[in-house]
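Working notes, structure below.
The values are calculated or read from the model by the stated rules, or taken from the named source; none is laboratory data. No experiment lies behind these values; they were computed from the predicted model shown. Positions of Cβ are backbone-derived with ideal geometry, glycine not excepted, and every protein chain shown enters the neighbour counts. Just so you know, the surface numbers come from the protein's heavy atoms only, side chains and all, with ligands and any DNA or RNA stripped out. Shrake-Rupley method; radii C 1.70, N 1.55, O 1.52, S 1.80 Å.
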Amino acid sequence: MVNGIERPLDLLNQSKGKEILVNLENGSQVVGKLLAFDIHINIVLDNTKELEKGEIKRNIGLAFIRGNTITYISPAPATS
Amino acid sequence: MVNGIERPLDLLNQSKGKEILVNLENGSQVVGKLLAFDIHINIVLDNTKELEKGEIKRNIGLAFIRGNTITYISPAPATS
Amino acid sequence: MVNGIERPLDLLNQSKGKEILVNLENGSQVVGKLLAFDIHINIVLDNTKELEKGEIKRNIGLAFIRGNTITYISPAPATS
Amino acid sequence: MVNGIERPLDLLNQSKGKEILVNLENGSQVVGKLLAFDIHINIVLDNTKELEKGEIKRNIGLAFIRGNTITYISPAPATS
Amino acid sequence: MVNGIERPLDLLNQSKGKEILVNLENGSQVVGKLLAFDIHINIVLDNTKELEKGEIKRNIGLAFIRGNTITYISPAPATS
Amino acid sequence: MVNGIERPLDLLNQSKGKEILVNLENGSQVVGKLLAFDIHINIVLDNTKELEKGEIKRNIGLAFIRGNTITYISPAPATS
Amino acid sequence: MVNGIERPLDLLNQSKGKEILVNLENGSQVVGKLLAFDIHINIVLDNTKELEKGEIKRNIGLAFIRGNTITYISPAPATS
């Protein structure tokens with residue numbers, strides 16, 4: 001499961017095309033399919049949804065998230 | 001729909017000339033047509049509007065937004 | 001109206017000698033004539049006025065504003 | 001026990017494959033097995049759990065934690 | 001009055017030896033004679049006074065002010 | 001007592017292997033034996049203890065503390 | 001009195017071996033004899049005392065203060 005993660009960005013690389021959960025510094029959460037990221041941890045998600053207490057609050061679609069506002073990122077649990 | 005997004009800035013590049021929704025660190029939102037951006041995510045919008053709870057609060061016109069104050073950016077839903 | 005804006009700083013360049021409205025991170029606003037700016041978005045305004053809820057609160061005259069404290073900048077609406 | 005720690009990152013290096021406790025700037029804590037880190041103190045944990053007052057609040061699985069949000073890190077006490 | 005200000009630091013240069021009003025991020029204000037500054041906007045004032053609601057609260061004398069804590073600077077109105 | 005301190009990091013160098021008291025930006029304090037530090041003021045402590053109002057609140061053992069979260073550091077008073 | 005201050009760090013240089021008052025971003029103050037500083041405004045004080053409303057609250061002895069937490073520094077008024 002954790003094969004091939006030698007550097008932190010390897011996890012993001014493995015997550016491309018998959019759903020991830022992004023926690024922001026202001027306490028909110030967004031979930032979406034990871035399309036792209038860079039070394040500043042700027043990321044682009046597709047089919048992005050804002051969550052509130054685990055519930056979907058708003059559909060955003062495509063989103064560019066600035067790396068500086070991110071606390072942590074994890075592969076999203078299956079939600080379908 | 002997500003063709004051609006390999007790096008985060010590709011989404012901003014594709015959004016040039018289109019309406020985007022910009023979420024700021026202080027919790028406010030602005031919407032406007034993306035005219036220009038740079039690698040610091042400084043952006044210029046035209047026909048900018050400040051939103052409050054999804055409603056237009058104020059028309060600003062042209063606006064330069066400093067990248068450091070931005071949380072995330074998404075293509076704006078059609079509003080016309 | 002938006003001719004010639006290819007990079008974010010182009011808007012500031014076009015605004016030299018004109019009134020701009022500067023929104024600061026602490027929520028306050030200042031308005032004044034843009035005399036100079038640099039790549040850190042440090043700016044100098046002439047005939048600067050602090051605003052509170054859109055009303056002039058204080059005349060400051062010349063002012064040096066540190067870029068790091070700026071949220072966004074827009075050409076000021078005509079006030080005369 | 002403290003052999004071989006000459007530079008701060010040596011402690012993280014020794015902790016690879018072991019459980020660590022990560023304290024975040026927002027006051028929350030996560031615990032997990034350290035898989036990778038870089039010089040920005042970005043880290044990847046496996047089997048990550050969010051803690052609240054020392055109790056497990058949520059299982060996250062794999063997690064990428066941005067270094068800028070970390071206060072301090074310590075080897076986790078045995079919890080089994 | 002605004003002759004010779006082509007870059008933001010020109011205003012600080014013109015203010016050397018004169019009284020300036022410095023607004024800090026924590027909301028407080030200090031006034032004093034500008035002796036020196038650098039590109040980080042670190043400044044040294046002489047005959048520095050802390051203000052509270054425009055009134056002198058405390059005499060500080062010489063002061064080194066770290067640029068990162070400054071919001072904006074303006075030439076002080078004549079106070080004698 | 002203060003011989004040999006010509007640069008700030010000299011104090012940290014002299015404190016290696018000794019107890020230091022570390023004050024963090026969130027207002028908390030930790031005390032422990034300084035094992036290592038770098039130019040970012042990232043530090044590793046051994047036998048680390050979290051303090052609350054001067055009392056030991058929790059034993060942490062080894063700890064990596066990110067420099068950016070530190071306010072000030074002082075040699076700890078003898079506590080045995 | 002202000003001879004020889006051409007750059008901000010000159011004031012710190014002149015203050016070596018003398019008492020200075022350091023104001024921190026969290027609103028607290030420390031006073032002590034300046035032993036060393038660097039270009040990040042990291043400083044080391046000897047015979048450091050924490051102040052509260054101008055009164056000595058705690059004796060700290062030697063202290064390393066991280067530059068990023070400093071608001072301003074001034075030569076301390078004679079206190080003996």
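Just to be sure, is C:E52 at pLDDT below 90 and charged (D, E, K, R)? In short, yes.
When restricted to residues that are within 9 Å of chain D (Cβ to nearest Cβ), in contact with a strand residue (DSSP E or B) (Cβ under 6 Å, 6 or more places away or on another chain) and open to solvent by less than 20 Å² (accessible area, probe 1.4 Å), segment F:60-80 contains 6. Count of segment F:26-36 residues, restricted to those that are touching a helix residue (DSSP H, G or I) at 6+ places or on another chain (Cβ under 9 Å) and open to solvent by 10 Å² or more (accessible area, probe 1.4 Å), is 2. Checking each residue in segment C:55-80 for being among the hydroxyl-bearing types (S, T, Y), out of contact with any Leu (no Cβ under 6 Å at 6 or more places or on another chain) and modelled with pLDDT of 90 or more picks out C:T71, C:Y72.
Remark: pairs (first residue in segment C:37-59, at the interface with chain E (Cβ under 9 Å from one of its Cβ atoms) and crowded, with 19+ Cβ neighbours inside 10 Å; second residue in a strand (DSSP E or B) and aromatic (F, W, Y); Cβ separation under 6 Å; 6+ apart in sequence or on different chains) = C:I43/C:F37; C:V44/C:F64.
Condition check: farther than 21 Å from D:N47 by Cα, more than 10 Å from chain B (Cβ to nearest Cβ) and not aliphatic (A, V, I, L, M). Does A:E25 satisfy that?
Answer is no for this residue.
Every test in (1) over 22 Å from C:F37 (Cα atoms); (2) within 12 Å of the chain's Cα centre (by Cα) is passed by B:I41 save one, and that test is (1). Scanning segment G:2-22 for residues that are under 13 Å from the mean Cα position of the chain (by Cα), within 12 Å of chain E (Cβ to nearest Cβ) and crowded, with 18+ Cβ neighbours inside 10 Å turns up G:L9, G:L11, G:L12, G:S15, G:I20, G:L21, G:V22.
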